[in-house]
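Here the structure is laid out as structure tokens; the discussion comes afterwards.
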Amino acid sequence: MRTKVLFVCLGNICRSPLAEGIFKKLIAEAEENGDLTADQARAFRIESAGTGSWHCGEPPDPRALRVAKENKVPMDTLGRQVKPSDFFEFDLLLCMDTQNRRDLLHLSPPEHRSKIRLLRYYDDSAHRGKDVPDPYYGDESHFHDIFLIQARCCRNLMASLLKKEEP
Ligand code: 4NP
């Protein structure tokens with residue numbers, strides 16, 4: 001099973017840390033309901049990073065923190081930038097938008113490019129392959145909107161990993 005997943009956005013203070021928290025919560029729930037053993041749950045390594053460096057060391061955006069808290073999602077990371085070792089240490093690098101994916105494809109050694117895909121590759125068919133819109137310059141309603149998108153994609157990602165249908 002692919003267990004090492006890096007969620008990637010631009011700043012690593014809004015979208016990718018929220019996706020990281022959502023997926024960590026899904027792992028805990030899957031362990032509670034018996035879909036994952038304790039050993040399998042422990043084998044996951046879930047992190048997030050940004051393609052930009054402006055917010056390194058900073059906590060998530062307060063609007064993202066509020067949406068996370070409302071939904072009982074853990075969100076306790078500090079911003080960090082994607083680094084060269086990420087490409088071989090992670091099994092999947094899931095990007096929030098096409099610009100993030102373009103940037104990662106440019107940075108990645110060729111042999112690791114197949115690990116890079118959009119988070120919305122895991123969305124339902126009508127929305128597959130779209131961007132998770134950048135909420136940074138929007139208002140708090142945009143954070144609620146992206147939460148719903150990310151929760152849907154992360155549930156599908158977990159189902160796909162559990163079925164071992166990942167290529
Ligand atoms: P994120 O949002 O990529 O979802 O973390 C952004 C955060 C900061 C900036 C842009 C997007 N910024 O330009 O500083």
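Observations
- Distance in nm between pseudo-label sites at Glu89 and Glu111 (7 Å out along the Cβ direction from Cα): 1.9 nm
- Residues in region 96-167 average 56 Å² of solvent-accessible surface per residue, probe 1.4 Å, ligands and nucleic acids excluded.
- Taking other residues whose beta carbon is less than 15 angstrom from the beta carbon of Val8, and scoring Lys, Arg as +1 and Asp, Glu as -1, yields +2.
- R0 of 22 Å, Cβ-Cβ distance Leu162-Arg102: FRET efficiency to nearest 0.05: 0.15
- When the convex hull of its Cα atoms is viewed from all sides, the chain shows a mean projected area of 9.3 nm².
- In the context of the full protein assembly, Asp39 retains an accessible surface of approximately 100 Å², using a probe radius of 1.4 Å and ignoring ligands and nucleic acids.
- Carbon-plus-sulfur accessible fraction, the chain (probe radius 1.4 Å, protein heavy atoms only): 53%.
- Links that overshoot a 23 Å alpha carbon limit, given the list Lys83/Lys115; Lys83/Lys130; Lys24/Lys164; Lys83/Lys164; Lys4/Lys69: Lys83/Lys130; Lys83/Lys164; Lys4/Lys69
- With a cut-off of 14 Å between beta carbons, the residues surrounding Ala151 carry a summed charge of +1, where Lys and Arg count +1 and Asp and Glu -1.
- For region 112-166, applying the loop criterion from DSSP together with a ceiling of 11 other beta carbons within 10 Å to the trypsin sites (Lys or Arg not before Pro) yields Lys163, Lys164.
- A straight chain from Ala38 to Cys56 at 0.36 nm per residue would run longer than the Cα-Cα distance by 3.3 nm.
- Summing Lys and Arg as +1 and Asp and Glu as -1 over all other residues whose Cβ lies under 12 Å from the Cβ of Gly52 gives a net charge of -2.
- A cut-off of 5 Å between modelled amide H atoms, ignoring neighbours fewer than 5 places along the same chain, links Ser48 with Phe7.
- Max mean-square fluctuation residue, GNM over the chain, Cα-Cα springs under 10 Å, options Ser141, Ser108, Ser48: Ser141
- Taking θ as phi - 60° and the Karplus parameters 6.51, -1.76 and 1.60, the scalar couplings of region 85-96 work out to 5, 4, 5, 9, 7, 9, 8, 9, 10, 9, 8, 7 Hz in sequence order, x denoting glycine and proline.
- Applying the criteria of a DSSP loop state and at most 15 other Cβ atoms within 10 Å to the chymotrypsin sites (Phe, Trp or Tyr not before Pro) of region 64-164 yields Tyr137.
The values are calculated or read from the model by the stated rules, or taken from the named source; none is laboratory data. All values reported here derive from a predicted model rather than from experimental measurement. Please note: Cβ atoms are built from the backbone with ideal geometry, for glycine as well, and neighbour counts cover all protein chains shown. Only protein heavy atoms, including side chains, enter the accessible area calculation; ligands, DNA and RNA are left aside. Shrake-Rupley method; radii C 1.70, N 1.55, O 1.52, S 1.80 Å.
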